[in-house]
Amino acid sequence: MTKSPVSYNLNLIAREALHRYGFFSEIPERARNEAKAMHGDFWPHLETGVKDLTALLWSSIDNDDSRDLDQIEYCEYRPDGGARVMIAIADVDHYVRQGTYTDAHAIKNGVTVYTGIEIFPMLPERLCNDLSSLVPGEDRLAVVMDFLINAEGEVKSGEVYRAVVRNRAKLIYEIVGDWFEGRKPLPESVANVPGLEDQLLLQDKIAQLIKESRRKNGALEFDSIETKPIFKERQVIEIALRQRNRAHQLIENFMIAANGVMVNFLRAKNSPVIQRVVKTPERWERIIEIAVELGDSLPSRPKAKALSDFLERQHKRDPQRFPDLSLAVIKLLGQGEYDVVYPGKKGEGHFGLAVQDYTHSTAPNRRYIDLIVQRLLKAALNKSHAPYSHAELMHIASWCTDRDQFAKKVERFMRKVAAAMMLLDRVGDTFDGIITGASEKGTYVRLLNPPAEGRVVRRFEGMDVGDQVTVRLIKLSPERGYIDFEGAGAAYTPKPSADTYPHSHRKPRRNSRRK
């Protein structure tokens, strides 16, 4: 189908969206100058106690366009059938010191924002894409989570320390995943590094052990769909699907284990820690209803293990529809948030991961909260007081929760912009979809093909999260990210107010707690 010749300035739209949600689109000149003045020759000034681990066969797995590499991995067999796992995280705090101009900007944005058309990094590119990135072939400072896994995939013990590391290969999720799953031969990027094939096969085996152990404990296993707009001559020609594979699972399971090790290490050092929590879902009753609709059942009170078993059964019964079920349950679980936990206290826990202790510490180039955790770690290693007061940590946790949630809104908005461009010539067409949100704020649907998300503004009565529906596209506004539908199934009949919008689109509020 011929696309409309209408042209949109996507970079301008992305920047306006960023500003609307309280983000800054430019790194301040003072911060850029700080980064320019830095150098990567740390060897002459290396502190005592920092290990030299550059001889190990480290590698990274990330997206094809990622340059801000936060983590690399290495594993070893153990005689008892278990393994030693080492996760090295970029030592961003070495360059971004507390109180600097770079630090001040980083906390204002809180995260790197990915809009599909442009990336807005939290840190100057001189740092996140170079000095503090674990780029291949370069010696880099890192924080290492070093832990043991038994033959059943359980984390038995671990420690955290500083080290110098060297990444031997930057690998791509899709390429490595296809190899792991037998769809493609050994990648050239792996074959070119002696010993890396066996190292990655070991990593995959260990990650699957960890995954199975987590599943037995009730961790939820989703198969969510990620979309990426494909542009040609500033027009969206396709919305590509990115589905998780074994390479994604490898990194996910290693990072979850590493973050747990970090929490336990800080607790043992009597240090406060900012934990990532997902509380018990408030809409458990709706999850029960979805289970009943699928011919299954769940207990009346929220239990992660029961939900995990339900999801596993549904994945086996209907793997093609499982991503839609995953999306519905994810929405009903609610959003994660950060909370400060002091020694001797218990956090809320993470319902989705079925763990009591979890943090974010594995992406300090992209998330400010991970940088804070690094500073808490270094204070603990040096046996000094935490570099922040209780009030400061509480404010940082609240602010970073806010920034995390608003970054997701920006990214979702830009996906809608791209989708609206794809659908310009399809007003009046009907589509199958799944309801992803239903509240006083509005009813939202994600189409099955193409995977676009919009709002149901007419004939939405009775729709709830997880419902499979048919909708008709009635209105578009790419520059505003509006994709409006009406219910088109047999159950939806016109009402007296059918030609009026029951609720208006609201502009996102600009957060004013911190400018």
Average accessible area per residue (Å²) across segment 235-311 - probe 1.4 Å, nucleic acids and ligands excluded: 43 Å²
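Eigenvalues of the Cα gyration tensor times 5, then square-rooted: what semi-axes does that give for segment 378-431, in whole angstrom, largest first? Provide the component values of the computation, followed by the final result.
Numbers: eigenvalues 433, 24, 9 Å².
Values for segment 378-431, descending: 47, 11, 7 Å.
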Accessible surface, segment 120-223, averaged per residue in Å² (probe 1.4 Å): 40 Å²
Quick check: at a probe of 1.4 Å, how many percent of the accessible area of the chain sits on carbon and sulfur atoms? 48 percent
Listed highest first by mean packing, meaning other Cβ atoms within 10 Å per residue, what order do 132-139, 358-365 come in? 358-365, 132-139
Pick out, in residue order, every one of the GluC sites (Glu not before Pro) in segment 181-251 that is DSSP loop and has at most 10 other C-beta atoms within 10 Å; say none if there are none. Glu233
How big is the accessible area of Ile107 in square angstrom, nearest 10, if you roll a 1.4 angstrom probe over the protein chains? 20 Å²
So if I take the centroid of the Cα atoms in segment 398-465 and the same for segment 191-240, what is the distance between those two points in Å? 25 Å
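Do any GluC sites (Glu not before Pro) in segment 72-130 lie in a DSSP loop with no more than 15 other beta carbon atoms within 10 Å, and if so, which? Spell out each step's value before the answer.
Values: sites: Glu73, Glu76, Glu118, Glu125; in loops: Glu118.
Passing both the DSSP loop test and the Cβ count: Glu118.
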In nm, to one decimal, how far is the modelled label at Ser7 from the one at Ser25, with both set 7 Å along Cα→Cβ? 1.8 nm
Would you mind checking the pairs Lys269/Lys408; Lys228/Lys475; Lys51/Lys205; Lys184/Lys228; Lys156/Lys305; Lys303/Lys345 and listing those with alpha carbons more than 31 angstrom apart? Lys269/Lys408
Under 15 Å Cα to Cα from Lys441, which aspartates and glutamates show up? Leave out anything in the same chain fewer than 8 places away. Glu461, Asp464, Asp484
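Based on the Cβ-Cβ distance of Val193 and Glu461, what FRET efficiency does E = 1/(1 + (r/R0)^6) give at R0 = 51 Å, to the nearest 0.05?
Details: r = 59 Å, r/R0 = 1.15.
Computed FRET efficiency for Val193 and Glu461: 0.30.
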Go through 328-338, 389-399 and give me the packing order, highest mean Cβ count within 10 Å leading. 328-338, 389-399
Sequence neighbours fewer than 8 away in the same chain don't count; with that in mind, list the lysines whose C-alpha is under 20 Å from Lys232. Lys3, Lys416
Skipping prolines and chain starts, which residues have an amide H placed within reach, meaning under 5 Å, of the one on Lys51, given they are 5 or more residues away or on another chain? Arg162, Ala163, Val164
Report the accessible area of Asp198, computed with a 1.4 Å probe over the heavy atoms of all protein chains in place, in Å² rounded to the nearest 10. 110 Å²
Would you pull out the residues with amide H under 5 Å of Glu238's amide H, same chain only if 5 or more places away, H placed 1.01 Å from N? Ile230
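By accessible area of protein heavy atoms, probe 1.4 Å, what ranking do Trp43, Trp284, Trp179 get, highest first?
Details: Trp43 100, Trp284 10, Trp179 35 Å².
Highest to lowest solvent-accessible surface, that is Trp43, Trp179, Trp284.
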Please identify the GluC sites (Glu not before Pro) of segment 1-67 that satisfy two criteria: DSSP loop assignment and at most 13 other Cβ atoms within 10 Å. Which are they? Glu26, Glu47
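To the nearest 500 deg cm²/dmol, what mean residue ellipticity at 222 nm is calculated for the chain from DSSP H runs of n ≥ 4 alone, each contributing -39,500 (n - 2.57), summed and divided by the residues?
Value at 222 nm, helices only, nearest 500: -10500 deg cm²/dmol.
The values are calculated or read from the model by the stated rules, or taken from the named source; none is laboratory data. As the structure is a prediction and not an experimental result, all values here were calculated from the model. For neighbour counting, all protein chains shown are included, and Cβ atoms are generated from backbone atoms with ideal geometry for every residue, glycine included. All accessible areas refer to the heavy atoms of the entire protein, side chains included, with ligands and DNA or RNA removed. Shrake-Rupley method; radii C 1.70, N 1.55, O 1.52, S 1.80 Å.
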